[in-house]
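Contents: one structure, followed by commentary.
The values are calculated or read from the model by the stated rules, or taken from the named source; none is laboratory data. What you are looking at is a predicted structure, and each value in this text was computed from that prediction instead of being measured. FYI the Cβ positions are ideal-geometry reconstructions off the backbone, even for glycines, and counts take in every protein chain you see. Ligands, DNA and RNA are stripped out before the accessible areas are found, and what is left, the full protein with its side chains, is counted by its heavy atoms. Shrake-Rupley method; radii C 1.70, N 1.55, O 1.52, S 1.80 Å.
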Amino acid sequence: MASDSAERCEFEIEELMLRKQVTLSGQIEAIGPVVDEIMDVVEEAGCAGEDRFEVEVSLCEALANAVKHGCCEDPAKKVQVCVACDVSRGMLI
């Protein structure tokens, strides 16, 4: 349950090395190509460094949860994912 005192994840736009937003259909088959697309950009920008595997797994898990539980695997529904690379905080998904 959300409350007014809950901490917010805030970051400074000017601190971002990378920001990528993608929309995919709410079906499992859409996850792989989106993860590949995002990871190519992340790798090219050098954002994940030695944590590439962990970032990729986190991204896959987040998208799988959104598709399975949020969209109930309905291809008519959409999932939006935003990935950013913050200089001081690392990867944000």
Quickly run through the stretch 34-57 and pick out the residues that are crowded, with 17+ Cβ neighbours inside 10 Å and outside any helix (DSSP H, G or I).
-> CYS47, ALA48
Taking the stretch 72-93 only, how many residues are within 12 Å of VAL22 (Cβ to Cβ), within 13 Å of the chain's Cα centre (by Cα) and in a strand (DSSP E or B)?
-> 5
Quick one: GLU61 ticks every box in (1) open to solvent by less than 100 Å² (accessible area, probe 1.4 Å); (2) out of contact with any Leu (no Cβ under 7 Å at 6 or more places or on another chain) bar one, so which box is it?
-> (1)
